[in-house]
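Every number in this text was worked out from the coordinates using simple rules, so none of it is lab data. As the structure is a computational prediction, the values presented were derived from the model and not from experiment. All Cβ positions, even for glycine, are placed from backbone atoms using ideal geometry, and neighbour counts span all protein chains on display.
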Amino acid sequence: MGRKKYKIGMISELIGITPEALRFYEHEGIISPEKSSTSGYRLYDAWDIHILIKARAYRRYRFTLAETVQAFDKLNAKETVDLIEQKEDELRKAIQEEQRILQQMRCDRQRIEDAHANIGKYRIEHCPAMHLIETQQSYDIIANKTDLYRTWIDMVPFAMSGGVFEVTQG
């Protein structure tokens, strides 16, 4: 009795990999499903499922499809470990950035809540220094400052916009 075989749709749903990714892995030689001589369907076995689960893990580690193929096919153990360490470092940096953004969101939320609760009230408070970079005149952006403006926009949410607007007396 032969091993049980599974069609591409069932494998795609089971593993959570698109049929296109399955075909890519097949094209790259990572998996080798049989093709039914009668229907032409690709038929996968338990070994293919095992390899695809490992591929899914690598993809969750933020490996590209090409890096996933390399990890199975072209790299030795040391090179695979080096690639995993690189992905660990990238993930650690991404987590740190997300933590900074979360902290800034909490600060922004608190400032908005505080401003709303204190409308019409006054208080003296110590605050960190703020830096004003002149990028506008009234309601117009200064044309020769757009590069500087873009640099500050890229730092959002750690840099916020503000402006000095003319008050018209009417």
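Based on the alpha-carbon gyration tensor of segment 52-91 and its eigenvalue square roots a ≥ b ≥ c, which shape applies: rounded if a/c is under 1.5, prolate if not and a/b is larger than b/c, or oblate? Since a/c reaches 1.5 but b/c is at least a/b, the shape of segment 52-91 is classed as oblate. Proximity of backbone amide H atoms, modeled 1.01 Å from N, is registered between TYR41 and SER36 at under 5 Å, excluding neighbours fewer than 5 places apart on the same chain.
In order along segment 54-66, the Karplus-derived 3J(HN,Hα) couplings, from 6.51 cos²θ - 1.76 cosθ + 1.60 at θ = phi - 60°, round to 5, 4, 4, 4, 4, 5, 5, 6, 6, 5, 6, 4, 4 Hz, and Gly and Pro are given as x.
Close amide H contacts of ILE30 (hydrogens built in the peptide plane, cut-off under 5 Å, sequence separation of 5 or more or a different chain): none are found. Phi-derived couplings, Karplus 6.51 cos²θ - 1.76 cosθ + 1.60 at θ = phi - 60°, listed residue by residue for segment 91-105: 5, 4, 5, 5, 5, 4, 5, 5, 5, 5, 5, 4, 4, 5, 4 Hz, with x used for Gly and Pro.
One decimal place: the segment MET10-ILE53 gains 14.1 nm when fully extended, by the rule 0.36 nm per residue minus the C-alpha distance. Converting phi to 3J(HN,Hα) with the Karplus coefficients 6.51, -1.76 and 1.60 and the offset θ = phi - 60°, segment 41-52 yields 5, 6, 10, 9, 10, 4, 5, 4, 4, 4, 4, 5 Hz in sequence order, with x at every glycine or proline. In a fully extended conformation the segment linking ILE142 and GLU98 would gain 12.6 nm over its present Cα-Cα distance, using 0.36 nm per residue. The local environment of LYS74, defined by Cβ-Cβ distances under 14 Å, has a net charge of -4 under the rule Lys, Arg +1 and Asp, Glu -1.
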